[in-house]
Each structure stands twice: as C-alpha cells, then as structure tokens.
Amino acid sequence: MTKIVLAIHRPTIVAISGSSNKTFIRDEIRKILEEKGKTVRANPKNFNTEIGLPLAILNIKSGYNSYRAWLPIIFQAFFAIFQKNFPEYLVLELGVSQKGDMKHLLSIVRPKISIISEINQRYVESFSGMDNLFLEYQYLARCTRKDSGALILNYDNARVRKLSKKTHARVEFFGKTNASGIFQIKRIEKEEKGQKFWLKHNNKIQEFFMPSFGEHNVYASVAGKVFENVI
Amino acid sequence: MFERTKDLRLSVIKQMELRASKFPDVISLAQGVPSFDTPSGIKRRVELALRNGVVSKYSLSPGLSELRELIEVKLAEDNMFYDFEKEIIVTAGSIEGITATLLAITNSGDEIIIPEPTYTSYREVIILCGCTPVFVGLNEEKDWSFELEKFEKAITPKTKAIFYCNPNNPTGTIYSKEQLLGLAELAKKHNLFLISDEVYKDFTFARKEKIFSLAEIPEIRKRVIRLFSFSKSYAMTGYRVGYLHSDESIVAEILKVHDCLVTCAPVISQYAAMGALEMAEKDVIFFNGEYLKRRDLVCARLDKLKHIFSYVKPESAYYVFPKIIKKDFDFGSLDAPESFSFRFAFWLLEKAQVAVVPGVAFGPSGEDHIRISFGRTEHDINRAFDRMEKIFK
Ligand SMILES: Cc1ncc(COP(=O)(O)O)c(C=O)c1O
C-alpha cells in the first residue's frame with residue numbers, strides 16, 4: 001500500500017539515521033524546508049519503528065493509540081492513495097533496533113538525501129556487535145540515490161566517516177574536527193539565553209545563535225545548514 | 001533514636017484511606033488517583049520492550065537517552081530549552097525528584113517557604129532533609145492566589161527556596177504569569193531557588209492557553225527546578241516515573257543524590273514513559289475532557305449544598321477544596337484530633353461512609369476545609385453526593 005502511494009506521488013525522501021540525534025535533525029530539516037515554502041511531512045515524534053514508517057508516509061495516526069482500532073486505519077490507508085495534497089518532501093527518521101531493519105525500511109523508501117550523525121553503543125544490545133550495526137548504516141549509504149542525491153555525515157565519528165567509502169552518492173561532512181572541505185564547528189559558547197557557535201566552510205566563518213542548549217542541538221543545526229547547501 | 005524520622009508523619013491521605021477501608025461500603029473521594037487505566041498504547045509499548053529484552057538492566061543514571069531526547073523535544077514545544085544530556089533527569093515519580101532536589105540544594109537548618117494549603121508530602125520531605133518548612137498562607141478570597149508581601153516577610157537569611165505546586169493541589173487553582181514573575185523577582189533579590197512542581201499541568205479543562213512556567217525564562221534557569229510526573233497526566237501512578245530539569249550546574253548535583261536513592265528510574269517504566277510521549281496525546285485530551293465533566297458535576301452538586309460549603313471553582317487538577325461554612329454540627333463522641341476539619345471528615349466517614357481529606361492536612365490555612373477528589377467516576381461522585389445530601393438535610 002505504502003509503496004503504491006509513493007510510486008504515485010513521488011516525494012523527495014530525506015532520511016535521518018544513526019544511533020542518536022535523529023529527532024533534532026529531523027525537526028531542523030522540516031523547519032528549513034517549510035521556510036522555503038515546501039510542503040513537508042515528517043514522521044511523528046520518535047515513532048519510527050516498522051509500523052511507524054508506513055503510517056507516517058500515509059499520514060495516518062497509529063493504531064497503538066487506544067481510541068483508534070486497526071480496521072479504520074486500513075480504510076484510511078486505502079484513501080491515502082488519492083490524497084490531493086501529498087507533500088513534496090518526506091523527512092523520515094530511520095531507526096534500526098534489529099538486524100535487517102534497514103533493509104526492510106529501504107524496501108519501502110529510497111532516500112535522495114541521507115543524514116547520519118552518530119553510530120555508537122546505544123542500541124548495540126540487540127546486535128551482536130558494532131560491526132553488524134555498521135552494516136545496517138552501510139546499507140543506507142549504498143541505497144542513497146547517486147543521481148543528485150547526497151550523503152551528509154558527521155566527520156567526528158570514525159564509523160560514520162567510514163560510510164563515505166560505501167556510497168555512490170555525493171558526500172558532505174560536518175563536525176568539530178579540523179579537516180579540509182568540511183563544515184567545521186569552530187567553537188561553541190554557552191550563554192544565558194542559549195548558545196553561540198561559529199561555523200567554518202570554504203574559509204568563511206559565520207556566527208550563529210540558538211535558544212536551545214547542548215552540543216547535539218549545534219550538530220543538528222549544522223546538519224541542517226549542510227542540507228540547505230546541498231539542495 | 002530516630003532523630004531523622006521522629007517528626008515525620010505518614011500522609012494523612014493514606015491514614016484516611018486506611019480508616020475508610022474499615023467501612024464496608026465506603027466511597028472514597030480522598031486519594032488523588034485517576035480512575036482510568038493506563039492508555040493501551042503505553043501498555044503495548046511496555047510489552048514490546050519486554051519482548052525485545054531491553055528492560056532487564058539499569059539505564060544510565062539520568063535515564064534512557066531516547067526518553068530524555070523526547071522530553072527535550074516536548075519541553076521545547078512548551079518554550080523550555082534544556083539539554084537532554086546534562087539538564088534532564090528521569091526520576092522514580094516526581095516525589096523522588098523532589099527528595100533528590102531538596103537533599104542536593106539544602107543544608108540542614110535551611111528554611112523552605114511553601115505557599116499553603118498545598119501537597120502534604122512537601123512538609124515531610126523538607127523535615128527529612130533536616131530543614132524547616134515555613135508556611136505562607138494563600139488568599140482564598142482572591143481565588144487562592146499568593147500575596148508577595150507575605151513571602152517577603154517570611155524570608156530570613158536561612159531561606160533557601162520557595163517550593164510551590166502549580167496547578168495547586170488541593171485547591172485546583174493556577175497561579176497567574178504576573179504572580180509567578182513577582183516570585184521570580186523575589187527569588188533574584190534574595191538569591192533563592194524556585195522549585196516548581198507541575199504534575200497537574202496537563203489538566204486545564206476548557207482553558208485554551210497553556211500554563212506558564214518560570215522554567216521558560218532563560219535568565220533564571222539557574223534558580224528554577226521544574227518537576228513533572230507521568231503519574232497523573234497518563235494515569236500511571238503505579239509506574240513511578242517522572243522527570244525534572246534545570247540548568248546543568250544544578251542538575252549535576254541533583255544527579256548525585258538521584259544515583260544514591262534509586263540508581264535510575266525503573267527501566268520498564270521509562271519505556272512506558274516513552275510510549276506516553278510518543279502516542280498518548282489523544283488520551284490526555286480525552287482524560288482532560290472527562291475531568292472537565294466531573295469538575296462541572298462536582299460543582300453542580302456542591303451548589304446544592306450552599307448552606308454547608310462555599311468553594312473556589314477549580315481550574316485545573318482534579319480536586320476541589322470547599323470550605324465548611326456551617327459550624328454547628330453534633331459530632332458526638334469522635335476520637336478525632338482537635339481539629340474541626342478532621343472531626344468533620346471522620347464524622348462524614350462514619351455517617352455517610354464518604355471519605356474525604358481534612359483540609360488541615362494541607363497546611364494551617366486548610367483548616368475548616370475538606371479536599372474532594374474527582375479523579376473518581378461520575379457514578380461514584382453522584383453516589384457520594386447523594387449520601388451527603390441525605391445527612392445534611
Ligand atoms: C502536587 C503533587 N506533587 C507530586 C505528587 C507525587 O506524584 P508522583 O510521585 O507519583 O509523581 C503528587 C501526588 O499526589 C502531587 O499531588
């Protein structure tokens with residue numbers, strides 16, 4: 001069902017993946033696209049499991065919710081095919097918690113742009129080690145469209161960096177590491193009302209301010225700036 | 001012996017419950033527990049976590065990162081910006097958060113100001129921490145709002161914090177933004193912490209605007225510690241899960257105490273909390289609608305007892321705190337403590353088998369009142385009031 005809907009409407013798919021920071025990046029990307037006047041649909045909250053993804057695409061609330069049963073959802077799904085205002089962009093968090101998850105998710109969607117921020121121990125419990133987890137993300141890197149597609153990666157994380165070797169798509173990096181060609185976060189300063197950071201790219205340094213706190217928000221914001229640059 | 005515990009009391013509410021349980025056909029409007037079961041979406045999230053085998057081990061002390069991320073996002077929607085890595089702790093119910101906070105920020109001998117009537121356990125935790133609760137009465141004539149001059153008068157060199165509950169239990173009232181900003185000025189002037197317990201903030205009935213929180217103001221984030229609980233909003237009192245947030249400089253200290261007390265909040269309940277944030281928005285709206293109906297029902301029934309009670313209409317939570325205006329009851333020979341509200345509550349229990357909480361339990365200004373909880377079903381509320389009407393004829 002979901003596949004038919006996608007085949008008819010052909011939205012541009014932006015995938016956000018990695019062990020953490022997906023939600024913040026998703027919100028950033030959505031905001032950027034909306035500011036550009038694009039129509040966007042993002043998956044709700046953190047609900048990005050197997051059932052969550054098809055439902056997000058079809059814009060249907062989950063049957064997990066106690067006041068809705070599954071049957072009406074199936075009917076809704078049927079009508080989703082005829083949705084008039086299907087969005088131009090789908091921004092989706094692709095979470096993996098078990099081996100094969102990515103393969104399953106990518107059998108439903110084919111991302112044009114993929115953003116991966118972290119690969120770390122967080123979900124490793126259900127994997128027999130980091131290498132297996134890496135394979136999931138490698139699959140995403142490989143499946144990201146090569147024609148005008150892009151892979152946006154966090155340079156600071158060695159595993160994420162390695163993904164650049166596994167793709168045919170264009171690659172852009174961001175991070176704190178001093179490496180040439182990347183979108184480099186030079187400095188972060190906490191202030192009373194938020195945080196300031198300085199971003200260097202092509203020998204140009206720009207200053208930014210945000211009302212939220214924490215390094216992950218700076219990374220999300222920078223991932224957004226790279227995305228803006230790519231599209 | 002028992003220096004630390006000798007002045008502590010077991011909650012009056014639980015005492016009332018215990019006493020009430022001896023009557024065969026009692027209707028309890030005493031305990032502040034939602035009548036609903038936990039939404040099924042949350043339960044299924046827990047089942048999924050159980051099946052995936054991810055609940056058997058401790059989480060990080062401040063809680064699962066995924067959950068704290070969700071909390072950060074939720075807070076940002078409400079104009080509060082806190083870093084999930086360093087500024088948010090998932091607690092074992094808000095009461096553990098309250099205890100950890102007070103242990104972290106006080107020295108024994110400090111004074112903590114609490115506007116009252118308010119939640120009974122504040123006094124106990126403050127005493128447990130070796131501190132002194134200083135009660136400042138709210139103004140019932142002005143819908144239980146606070147009078148800043150009274151706070152200013154109560155401040156001494158030993159005052160460490162002002163600890164309030166918004167929306168307030170037992171009055172069901174909400175402090176206005178202006179009032180809270182006044183409190184913030186006071187805290188700045190006297191270098192005090194502000195502890196804001198907002199466990200009822202999701203129940204605001206028909207009110208459109210959100211409840212303002214001082215945690216929205218970045219300039220005072222180093223003073224404000226805000227607490228929330230999943231207990232009430234999502235009918236999850238048994239799960240024991242909530243959270244607190246503040247500036248990292250404070251949270252780092254609270255975290256040390258939290259680690260001593262519980263290591264981490266129950267992991268299975270943390271998954272339930274994720275379920276709550278991910279997919280129970282509709283359930284909260286539904287609960288809110290039900291509580292609105294019950295609020296209106298309780299008020300309508302109280303209006304028929306105008307010769308006995310007067311009350312301020314609650315705008316939030318699921319409590320009403322009527323004042324007992326008739327004083328000449330014949331209580332007979334009750335073995336109740338020397339307080340009118342206690343004797344009234346005991347008498348009501350015996351005569352009508354309806355359990356309520358004596359107002360004095362919530363602080364000295366609560367005397368002459370009772371707290372009625374409308375967490376119970378409309379059926380129970382009606383039956384309880386039918387009985388009361390009979391004895392007040
Ligand atoms: C105002 C207030 N704060 C905190 C609590 C404690 O709730 P919990 O520990 O379940 O989060 C209660 C419970 O009745 C309450 O009324």
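The values are calculated or read from the model by the stated rules, or taken from the named source; none is laboratory data. Keep in mind it's a predicted model, so treat the numbers as computed, not measured. Using ideal geometry, Cβ is built from the backbone for each residue, glycine included, and neighbour counts are taken over all protein chains shown. Accessible surface is based on the protein model in full, side chains and every heavy atom, while ligands, DNA and RNA are left aside. Shrake-Rupley method; radii C 1.70, N 1.55, O 1.52, S 1.80 Å.
List of remarks:
- Strands (runs of 3 or more DSSP E) contained entirely in the stretch A:115-231, each with at least 3 residues that are surrounded by fewer than 14 Cβ atoms within 10 Å (Cβ to Cβ): A:183-191, A:204-210
- If you go through the stretch B:66-84 and keep only what is surrounded by fewer than 18 Cβ atoms within 10 Å (Cβ to Cβ) and in contact with a Ser or Thr (Cβ under 9 Å, 6 or more places away or on another chain), you end up with B:Val73, B:Ala76, B:Asp78, B:Asn79.
- Residue count, the stretch B:45-57 (criterion: surrounded by 18 or more Cβ atoms within 10 Å (Cβ to Cβ) and facing another protein chain (nearest Cβ under 8 Å)): 2
- Qualifying residue in the stretch B:310-329 (condition: out of contact with any His (no Cβ under 8 Å at 6 or more places or on another chain), assigned to a helix (DSSP H, G or I) and in contact (Cβ under 8 Å) with a residue 12 or more places away in the chain): no
- Of the strands (runs of 3 or more DSSP E) that lie entirely inside the stretch B:43-143, those containing 1 or more residues that are in contact with a strand residue (DSSP E or B) (Cβ under 7 Å, 6 or more places away or on another chain) and more than 16 Å from the ligand (Cβ to nearest atom) span B:111-116, B:132-137.
Per-residue answers, yes or no, for (1) more than 14 Å from chain B (Cβ to nearest Cβ); (2) open to solvent by 40 Å² or more (accessible area, probe 1.4 Å); (3) at pLDDT below 55:
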site: A:Ile8; (1), (2), (3): yes, yes, no
site: A:Ser19; (1), (2), (3): no, no, no
site: A:Lys22; (1), (2), (3): no, no, no
site: A:Leu33; (1), (2), (3): yes, no, no
site: A:Ala56; (1), (2), (3): no, no, no
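- Positions within the stretch B:330-371 being open to solvent by 10 Å² or more (accessible area, probe 1.4 Å), touching a residue at least 12 places away in the same chain (Cβ under 8 Å) and among the hydroxyl-bearing types (Ser, Thr, Tyr), in sequence order: B:Ser339, B:Ser365
- Conditions (1) open to solvent by 10 Å² or more (accessible area, probe 1.4 Å); (2) within 16 Å of the ligand (Cβ to nearest atom); number of the one not met by B:Gly182: (2)
- Residue in the stretch B:97-104 that is within 24 Å of the chain's Cα centre (by Cα), surrounded by 24 or more Cβ atoms within 10 Å (Cβ to Cβ) and at the interface with chain A (Cβ under 10 Å from one of its Cβ atoms) present: no
To keep it simple, each residue is scored yes or no on (1) among the hydroxyl-bearing types (Ser, Thr, Tyr); (2) under 22 Å from the mean Cα position of the chain (by Cα).
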residue: B:Leu181; (1), (2): no, yes
residue: B:Val199; (1), (2): no, yes
residue: B:Phe205; (1), (2): no, yes
residue: B:Lys222; (1), (2): no, no
residue: B:Ser229; (1), (2): yes, yes
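- Residue in the stretch B:151-164 that is of a type outside the set (D, E, K, R), within 12 Å of the ligand (Cβ to nearest atom) and either part of a strand (DSSP E or B) or free of Cβ contacts under 8 Å to residues at least 12 places away in the same chain (or both) present: yes
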